[in-house]
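The structure under discussion appears below in the form of structure tokens.
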Amino acid sequence: MKINVLGIHFDDLTVAEAVEIGSRFLDSDCFHYAVTPNPEFILSAEKDGAFRSIINRADLVLADGIGVIHSARLLGTPLKGRVTGVDFAANMLAELDRRGGRLFLLGAKPGVAETAGENISRQYPNLTVCGTHDGYFKQDEPVVQTIREAKPDLLFVCLGAPKQEKWMAAHGADTGAKLAIGLGGVLDVYAGTVQRAPKAFQKLGMEWAYRLYKEPKRFGRMVRLPLVLVKAVKLRLAGGTKKEDA
Ligand code: UDP
């Protein structure tokens, strides 16, 4: 089932359910892409119809961010819970490791994907990191070809939003991967250049506060996020919420 949160149609899934679907995609013989929208995506997608349509056409639309969970509740259509990009990525790596699959890492500054790949290989020795590429390229085709030749099952696309979603929609199928996931700054986390919030912050749904504390320059980006909650309340009061069947 899909739940519409201010124009973004989220899959109502637990982490385990999302991973089960992701695993089925790995077994398939065609391309799928997964997106992990947070409140920032919702605000951008309001103004960018192409971005919104790419998100809503994704094979998995996972609720990354406590603001999405609060908004869904305020709208009277609660989601089962958060499925953050970091958690989904970690679970899919474990799944890929279990089946001895192949992983390609695309994105972040030069050198970051390689370091992330080394750390991932150590943690999941049964999977193969079949290639990496930084996220600051000018031409798409050589990158697509590099990925295709590496023959990955799973592809992490970490170019920031909306670039990574637009890239997956435009080029993902040509990479030959079974599943691509748009994961923002996840390679920085695996490379150790950015730390994930401690567990206590994660449990309280306060990762955003930790992130703001560590990267105060994000203030300009984050200050608009409560707007999503205000919009959810307004819509609820206007009686405009709906649940949809997938
Ligand atoms: N990035 C990239 N190419 C670009 C712009 C950004 O590879 O043209 C990378 C950037 O280096 C970072 C990630 O994309 O590793 C985006 O990080 P951000 O913190 O914006 O994403 P979030 O985690 O907030 O989704």
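The values are calculated or read from the model by the stated rules, or taken from the named source; none is laboratory data. What you are looking at is a predicted structure, and each value in this text was computed from that prediction instead of being measured. Note: ideal-geometry Cβ built from the backbone for every residue, glycine included; neighbour counts use all protein chains shown.
Some points to look at:
- Taking the stretch 19-70 as the range and being over 12 Å from the mean Cα position of the chain (by Cα), among the small types (G, A, S) and farther than 15 Å from K231 by Cβ as the test, the residues that pass are G22, S23, S28, G49, A50, S53.
- Within the stretch 198-212, tally of residues that are surrounded by 12 or more Cβ atoms within 10 Å (Cβ to Cβ), more than 15 Å from the ligand (Cβ to nearest atom) and in a helix (DSSP H, G or I): 2
- The set of residues from the stretch 77-115 being away from the ligand (no atom under 12 Å from the Cβ), in a loop (DSSP other than H, G, I, E, B) and within 21 Å of R148 (Cβ to Cβ) comprises G100, G101.
- Which listed residue is closer than 21 Å to S23 by Cα and surrounded by fewer than 20 Cβ atoms within 10 Å (Cβ to Cβ), from G160, G172, G182, G176: G176
- For the criterion of being more than 10 Å from the ligand (Cβ to nearest atom), more than 15 Å from L103 (Cα to Cα) and either at pLDDT below 80 or surrounded by 12 or more Cβ atoms within 10 Å (Cβ to Cβ) (or both), P226 passes.
- Any hit, the stretch 135-154, residues being under 18 Å from the mean Cα position of the chain (by Cα), within 14 Å of the ligand (Cβ to nearest atom) and surrounded by fewer than 21 Cβ atoms within 10 Å (Cβ to Cβ): no
- Within the stretch 4-46, the residues that satisfy the criterion of being within 17 Å of Q164 (Cα to Cα) and away from the ligand (no atom under 16 Å from the Cβ) are F31, H32.
- Residues in the stretch 116-164 that are in a helix (DSSP H, G or I), touching a Leu at 6+ places or on another chain (Cβ under 6 Å) and among the aliphatic types (A, V, I, L, M): A116 alone.
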